[in-house]
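What follows is a single structure, written as structure tokens, with notes after it.
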Amino acid sequence: MERWARGWWLLCAAAALTAFARGDPASKSRSCSEVRQIYGAKGFSLSDVPQAEISGEHLRICPQGYTCCTSEMEENLANRSRAELETGLQDSSRALQATLTTQLRAFDDHFQRLLNGSERTLQDTFPSAFGDLYTQNAKAFRDLYTELRLYYRGANLHLEETLAEFWARLLERLFKQLHPQLLLPDEYLDCLGKQAEALRPFGDVPRELRLRATRAFVAARAFVQGLGVATDVVRKVAQVPLGPECSRAVMKLVYCAHCLGVPGARPCPDYCRNVLKGCLANQADLDAEWRNLLDSMVLITDKFWGPSGAESVISSVHMWLAEAINALQDNKDTLTAKVIQGCGNPKVNSQGTGPEEKRRRGKLEPQEKPPTGTLEKLVSEAKAQLRDVQDFWISLPGMLCSERVAMSTASDDRCWNGMTKGRYLPEVMGDGLANQINNPEVEVDITKPDMTIRQQIMQLKIMTNRLRSAYNGKDVDFQDTSDDGSGSGSGGGCPDDACGRRVSKKISSSRTTATHALPGLSERDGASSAAGGPRPCAPLLRLLLVTLVLAAATPRWR
């Protein structure tokens, strides 16, 4: 009897210890009041929450054991945890987009103001300076500024050919005005045009303006486009949904401690980082090309300074035009003799409209420029901000853990490790998809990268190569990734082999090529949108082919 009593006592003691270890309500009745408070604060109905712990065999995400969560509660909290993380991602992305968009608008306003100021000065001073030589050709000058503006905004124009066409038209018009007593049929003017390069009627101005304008406008355009592409990439990546495995891991990270009766335990720091490194593995793969893009943008700002810099050239277009007209007037007699020698004696116009246009030379002043240091301040702020966001993609997990997850301040035995309250032992994974193969918290298939993010990596590569070409003074357009080749997030344009350099002969047609040229600018800001809205991205294969072409053609830095 005594032996039986001793055995019964041991059995009861063992059962009590087991019940205590499992949180059995029979040994220690634990209330769900804290969980009810937290769950209700999330806006859920308290009718779903048990008063005391129940057996947790029904749990599908949290560790099974005695729990305060029903299946419906677990599902609701899982959906809430995913939504909270997505909100955090959206907020971080919107903050970065706002920074980049603010920069884009500031630089765009500055360059537009320089060009508009030059045109305004021309309109104000040329009538008195050159009389009919300007007033009868005002439209040609307006058209030039329109095409410069379109080119800057990304229209599919070849700037050198646009300038050459302008000089040819202007020469024909001015030569006729300077010789009203001569009959100059189209055939004669064609002969004049063919000799123009050798005759150099405008002196060195066309060549100098071509060299300086190409470098200045392509640098300004590429920089602003780079800001637009960066903004576009951030926006599109922020829309990438979290996968189901990530959703499960985030639920386990944030709310399973509540379900298992330890609501006061905050996630261990390394545990949180592993979860979010797994969830944001694809985003981290943007890091290398993102840094390349920002580095290229910082470097190209060097092309904004000096006599051939973007600011000086764009603000002084009217000065070059004035110098060209003066050169033509100065060389009139010599030019006329050479034209007659090459094209023959033109017939005299018996009904001449009047005496030859008298030479007029007015004093032109440079346009009033923005306050000294405006561009310097813009560039200084942009460089600082671009450097600050260089590590944006790989810093996201740590930033979200710190700002969005009620994380423990230390990795010790008091934090939630995903199973219980205790130390988190696994090492923290590296950044990027390939480093998640052994992630203990999120099951990541490293063989299936996210296609949207891969496409954005390609966009960054394309824009970086465009910036590098612009740095070397080359006007290079790469084929856009939209299905129809019209402009999109990375700027308009198509490669020579694909569609050639389409040069608009009329302003009306050239306007249609500027669609989506500067992403980040709305139609209100002057960037027209394509009919029907943006096109969907092309297949990944096409992007890969573009990248191979870029890799083969990438110019070296000087």
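The values are calculated or read from the model by the stated rules, or taken from the named source; none is laboratory data. None of the values given here were measured: they were computed from a predicted structure. Cβ: placed from backbone, ideal geometry, glycine included. Neighbour counts: every protein chain shown. Ligands, DNA and RNA are stripped out before the accessible areas are found, and what is left, the full protein with its side chains, is counted by its heavy atoms. Shrake-Rupley method; radii C 1.70, N 1.55, O 1.52, S 1.80 Å.
A quick yes/no check of all residues on (1) of a type in the set (Val, Ile, Thr); (2) out of contact with any strand residue (DSSP E or B) (no Cβ under 9 Å at 6 or more places or on another chain):
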site: Met399; (1), (2): no, yes
site: Ser408; (1), (2): no, no
site: Cys415; (1), (2): no, no
site: Leu425; (1), (2): no, yes
site: Ile437; (1), (2): yes, yes
site: Pro449; (1), (2): no, yes
site: Thr464; (1), (2): yes, yes
site: Leu467; (1), (2): no, yes
Just for the stretch 284-294: of the residues that are in contact (Cβ under 8 Å) with a residue 60 or more places away in the chain and open to solvent by 10 Å² or more (accessible area, probe 1.4 Å), which one is farthest from Ile54 (Cα to Cα)?
-> Asn292
Residues of the stretch 21-79 satisfying the condition of being among the aliphatic types (A, V, I, L, M) and at pLDDT 85 or above = Val35, Ile38, Ala41, Leu46, Val49, Ala52, Ile54, Leu59, Ile61, Met73, Leu77, Ala78
Return the pairs, sorted by first residue and then second, in which the second residue is small (Gly, Ala, Ser), the first residue lies in the stretch 418-447 and is at positive phi, the beta carbons are less than 8 Å apart, and the residues are 6+ apart or on different chains.
-> Gly432/Ala281; Gly432/Ala284
Please tell me if Pro185 is within 19 Å of Met319 (Cα to Cα), of a type outside the set (Asp, Glu) and out of contact with any Cys (no Cβ under 7 Å at 6 or more places or on another chain).
-> no
Of the residues Asn326, Asn292, Asn331, which is of a type outside the set (Asp, Glu) and either in contact with an Asp or Glu (Cβ under 6 Å, 6 or more places away or on another chain) or closer than 15 Å to Phe223 by Cα (or both)?
-> Asn292
Taking Ile394 as the residue in question, decide whether it is touching a residue at least 60 places away in the same chain (Cβ under 8 Å), within 24 Å of Cys268 (Cβ to Cβ), open to solvent by 40 Å² or more (accessible area, probe 1.4 Å) and not polar (S, T, N, Q).
-> yes
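Residue-by-condition table, conditions (1) in a helix (DSSP H, G or I); (2) among the aliphatic types (A, V, I, L, M); (3) open to solvent by 10 Å² or more (accessible area, probe 1.4 Å); (4) without any contact (Cβ under 8 Å) to a residue 60 or more places away in the chain:
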| residue | (1), (2), (3), (4) |
| --- | --- |
| Ala220 | yes, yes, no, no |
| Val224 | yes, yes, no, no |
| Val229 | yes, yes, no, no |
| Asp232 | yes, no, yes, no |
| Arg235 | yes, no, yes, no |
| Leu242 | no, yes, yes, no |
| Glu245 | yes, no, yes, no |
| Lys252 | yes, no, yes, no |
| Ala257 | yes, yes, no, no |
The listed residue being open to solvent by less than 50 Å² (accessible area, probe 1.4 Å) and within 26 Å of Leu280 (Cβ to Cβ), out of Ser55, Ser93 = Ser93
May I ask you to verify whether Glu376 is part of a helix (DSSP H, G or I), modelled with pLDDT of 85 or more and among the acidic types (Asp, Glu)?
-> yes
For the stretch 379-429, name all the residues that are of a type in the set (Lys, Arg) and either over 22 Å from the mean Cα position of the chain (by Cα) or not in a helix (DSSP H, G or I) (or both).
-> Arg404, Arg414, Lys421, Arg423
Name the one entry in Phe141, Phe166 that is buried (at least 16 other Cβ atoms within 10 Å of the Cβ) and touching a Leu at 6+ places or on another chain (Cβ under 6 Å).
-> Phe166
Quickly run through the stretch 124-153 and pick out the residues that are touching a Pro at 6+ places or on another chain (Cβ under 9 Å) and farther than 16 Å from Trp320 by Cβ.
-> Thr135, Ala138
Is there a residue in the stretch 425-442 that is in contact with a helix residue (DSSP H, G or I) (Cβ under 6 Å, 6 or more places away or on another chain), acidic (Asp, Glu) and within 21 Å of Asp287 (Cα to Cα)?
-> yes
When you look at Arg149, is it open to solvent by 10 Å² or more (accessible area, probe 1.4 Å), more than 30 Å from Met419 (Cα to Cα) and among the basic types (Lys, Arg), yes or no?
-> yes
Go through the stretch 413-430 residue by residue and tally those that are within 21 Å of Met399 (Cα to Cα) and either open to solvent by 60 Å² or more (accessible area, probe 1.4 Å) or of a type in the set (Ser, Thr, Tyr) (or both).
-> 2
